[in-house]
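Working notes, beginning with the structure itself.
The values are calculated or read from the model by the stated rules, or taken from the named source; none is laboratory data. The shown structure was predicted, so the numbers you read here are calculated from the model rather than taken from an experiment. Cβ placement follows ideal geometry from the backbone for every residue including glycine, while neighbour counts extend to all protein chains displayed. Ligands, DNA and RNA are excluded from the accessible area calculation, which covers all protein heavy atoms including side chains. Shrake-Rupley method; radii C 1.70, N 1.55, O 1.52, S 1.80 Å.
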Amino acid sequence: SNIGLVYNHLGNSQKALAYYNLALPIIRGIDDKLVRPLEFNTLNNIGSLYSELGDQEKALEFYYQALQIKNQIGGKIGNASILSNMGVAFEDLGDKQKALDYYYQALQVAKETEDKALEALILGNLMISLKGVPKSDLAIFYGKQSVNVY
């Protein structure tokens with residue numbers, strides 16, 4: 001999984017995906033609850049990779065799996081990230097309402113976990129999502145909030 005992450009950072013999406021796909025069955029084959037966070041991270045990373053490649057439907061498949069694992073694990077660390085990623089995917093699919101729903105959920109969790117960088121990113125996503133729609137004052141509000149958090 002880490003090798004996949006490195007290839008992804010190097011911009012080699014196909015090799016990254018190949019390594020993630022090699023890692024996932026191995027991770028799932030280990031019957032130990034301590035491995036579940038690695039499964040969550042790998043699923044989230046695969047989803048992000050598909051999102052970068054423009055396949056939002058496939059990305060959402062992996063995000064939903066990751067969210068299920070995260071709900072089984074418990075705790076809030078990581079929830080904001082996956083919820084925000086899902087918001088981005090729905091935004092790219094043109095479903096603004098679902099995107100906003102996920103962004104608002106992600107924002108709440110980011111605030112609860114005091115993840116300032118992610119909070120600022122989500123606020124920026126809300127600004128972009130609300131730009132150009134009626135009541136675009138909200139877009140300005142979220143943009144200013146994003147700057148304040150940064």
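Loop-located trypsin sites (Lys or Arg not before Pro) in the stretch 103-148 (DSSP state other than H, G, I, E, B) with a sparse environment of at most 14 neighbouring Cβ atoms within 10 Å: 131, 135. Sparsely packed loop sites in the stretch 65-139 (the GluC sites (Glu not before Pro) outside DSSP H, G, I, E and B with at most 16 other Cβ atoms within 10 Å) comprise 114. Placing unit charges on the Cβ atoms of the charged side chains and taking the dipole of the chain about its Cα centre, the candidate lying farthest along the positive direction among 7, 85, 109 is 109. Averaging sequence separations of C-alpha pairs under 8 Å and six or more residues apart, then dividing by the length of the chain, give the relative contact order as a whole percent. This gives 14 percent for the chain. What residues of the stretch 47-70 lie in the reach of a label at residue 131, counting those whose backbone N is under 16 Å from a point 7 Å from the Cα along Cα→Cβ? Counting only backbone N, you get no residues.
Dipole of the chain computed with +1 at Lys/Arg Cβ and -1 at Asp/Glu Cβ about the Cα centre; of 100, 59, 41, farthest Cα towards the positive end is 100.
When the accessible area of the stretch 28-150 is computed with all protein chains present and a 1.4 Å probe, what percentage of it is carbon and sulfur? Of all accessible area on the stretch 28-150, carbon and sulfur atoms account for 53 percent. Rounded to the nearest 20, the size of the Cβ-charge dipole of the stretch 59-108 about its Cα centre is 220 debye, with Lys and Arg at +1 and Asp and Glu at -1. Take the alpha carbon gyration tensor of the stretch 42-150, find the square roots of its eigenvalues, order them as a ≥ b ≥ c, and report rounded if a/c is under 1.5; if not, report prolate when a/b exceeds b/c, else oblate. Oblate shape, in that a/c is at least 1.5 and b/c is the bigger or equal ratio.
Dipole check for the stretch 19-150: with +1 at the C-beta of Lys and Arg, -1 at the C-beta of Asp and Glu, and the Cα centre as origin, the magnitude is about 280 Debye.
Of the GluC sites (Glu not before Pro) found in the stretch 4-82, no site is in coil according to DSSP while having at most 14 other Cβ atoms within 10 Å of its Cβ. With a sphere of radius 12 Å drawn around the Cβ of residue 119, what net charge do the other residues whose Cβ falls strictly inside it have (Lys, Arg +1; Asp, Glu -1)? Combined, the nearby Lys, Arg, Asp and Glu give -1. Only helices enter this figure: runs of n ≥ 4 DSSP H residues, each worth -39500 (n - 2.57), summed and divided by the residues of the chain, yield -26000 deg cm²/dmol at 222 nm to the nearest 500.
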